[in-house]
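So the structure is just underneath, and the comments pick up after that.
The values are calculated or read from the model by the stated rules, or taken from the named source; none is laboratory data. Please read all numbers here as calculations on a predicted model, not as lab measurements. For the accessible areas, the whole protein counts, side chains as well, though only heavy atoms, and no ligand, DNA or RNA atoms are used. Shrake-Rupley method; radii C 1.70, N 1.55, O 1.52, S 1.80 Å.
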Amino acid sequence: MKVNLGLSSQSADDWDRVLAGDFSRPPAIPDWRWVESTLAMGDLAEPLGFDGIWAPQHFGSPYGMVPNPLQLLTWFAGRTEWISFGTFVIVAPWWHPVQLAHEIAYLDILTNGRLTTIGLGRGVAKREFDAVGVPREEARARFNETLDILTLAFSRPRFAYEGEIFRVPEMSLRPAPKSLDLHERFFGSAATRDSLAILSRKGLVPLFVGNKPIEQAGEDVRFVNTIRAELGLAPCQPNNTLFMYCAASEAEAARSQEWVVRANMDVNLHYGFADAANFKGIAGYEAYAEREAAATALLAEAVTGKMQGAASALPGYHASNLMIGTPDTVFAKIEAAQQACSFQEITLVTHFGNMPHEDAMRSTRLFAAEVLPALQKMDAPLHAPALPL
């Protein structure tokens with residue numbers, strides 16, 4: 001099984017300043033230090049034997065802070081020789097598809113074909129859509145048209161497109177990509193069954209990002225493969241993002257509870273799950289509106305100091321996606337997750353919440369020494385529960 005290292009930059013402790021609207025002073029730790037921390041983590045990936053480096057897309061808040069995943073991967077393309085690359089995810093509605101196609105094609109050249117997973121999503125956070133001037137009501141249409149244009153651009157020497165939002169005159173990608181199969185490397189991230197069905201009918205393979213129970217993700221794989229069978233497509237296996245902290249003892253691993261709680265708070269604050277106005281009446285985001293009532297009270301308790309009880313119950317990273325414990329425990333949890341979800345490849349986020357940089361680096365090194373070799377030897381088959389009914 002392939003095991004990748006997922007990178008993002010978090011400034012979790014700066015949320016108090018942001019929520020207070022106190023912009024008269026800078027963050028206690030400048031953002032560039034968090035970015036440098038991320039670059040240092042990424043530099044471990046190839047020497048420690050990880051199969052790939054993956055990057056997400058977030059900006060404008062203390063959460064994520066990778067405004068362009070292709071830019072981050074370009075940095076590592078020049079610092080590595082053989083490791084592969086992926087995105088989890090490029091938020092398609094924020095891009096003009098012709099620009100995105102050219103940037104992916106160029107990265108394909110720079111990496112000598114090592115961009116193996118092009119993860120795409122349609123985005124959630126109101127703050128990010130507002131910042132780039134894109135109405136969320138258009139997110140699904142923009143995603144669909146962008147996917148159509150990327151597929152044409154990567155599969156034909158000349159292409160044109162007439163859509164409701166985008167109109168592309170006949171043209172060619174220049175420079176053209178080195179790889180001829182980029183249109184076969186698309187993966188799609190979806191939180192709801194409706195979105196998952198749409199992506200599946202377009203032939204995309206699921207990319208799960210840790211926000212639902214692993215057993216539910218396994219049921220989603222069967223749902224996807226049932227649709228694929230109707231379309232005459234072979235069953236697929238998803239790629240999964242998991243969150244990992246590896247420690248020498250279970251007592252030491254228990255320290256991660258604070259960081260997990262903080263990470264779930266970060267998710268809710270960034271995406272605005274506790275504000276009904278962020279989702280109600282927005283076509284395509286009805287499922288997120290349903291989370292609002294539960295999240296509002298919990299988040300209010302969490303940010304006023306009652307963190308342990310409230311924030312641990314917030315919507316966010318589900319506990320079944322947290323690979324935390326000693327090396328033996330981490331291996332057993334990943335093995336059980338693979339049996340539940342049938343993933344073929346995983347990306348591990350090893351720095352989350354307000355975890356200190358030194359703890360993240362130590363955990364990643366311990367995992368690479370004690371767990372990674374065994375995982376890479378482990379078979380990752382498609383299990384019967386993930387097959388079509």
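At 222 nm, what helix-only mean residue ellipticity would the chain give, in deg cm²/dmol to the nearest 500, using -39500 (n - 2.57) for each DSSP H run of four or more?
On the way: 15 runs with 174 residues, N = 389.
Dividing the helical sum by the residues of the chain leaves -14000 deg cm²/dmol.
Would you please calculate the Kirkwood hydrodynamic radius of the stretch 1-71 over all C-alpha pairs and express it in Å, rounded to one decimal? Can you show the working numbers first?
On the way: mean 1/r = 0.0748 Å⁻¹.
About 13.4 Å, per the Kirkwood formula over Cα pairs.
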Counting heavy atoms of the protein chains only and a 1.4 Å probe, report the per residue accessible area for the stretch 309-389 as a whole number of Å². 40
Here is the link list: K126/K202; K212/K333; K126/K280; K2/K178; K2/K333. Which ones come out longer than 19 Å on Cα distance? K126/K202; K2/K178
Can you tell me, using C-alpha contacts under 8 Å and at least 6 residues apart, the relative contact order of the chain as a whole percent? 20
Residues whose placed amide H lies under 5 Å from that of V209, excluding near-sequence neighbours: T241
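Just to confirm, what accessible area per residue do you get for the stretch 1-155 at 1.4 Å probe, in whole Å²?
Working: 5820 Å² over 155 residues.
Accessible area per residue: 38 Å².
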Shape metrics for the stretch 71-146, restricted to C-alpha atoms - Rg then Dmax, Å: 13.7, 42
State the extension gain, in nm to one decimal, for the chain segment bounded by V35 and Q216, taking 0.36 nm per residue of separation less the distance between their alpha-carbons. 61.8 nm
What is the ratio of the Cα radius of gyration of the chain to 2.2 N^0.38 Å, with N the residue count, to two decimals? 0.95
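Please report, as a whole percent, how much of the solvent-accessible surface of the stretch 81-204 comes from carbon and sulfur atoms (probe radius 1.4 Å). Let's see the in-between values first.
Working: 2630 of 5370 Å².
Of the solvent-accessible surface of the stretch 81-204, carbon and sulfur hold 49 percent.
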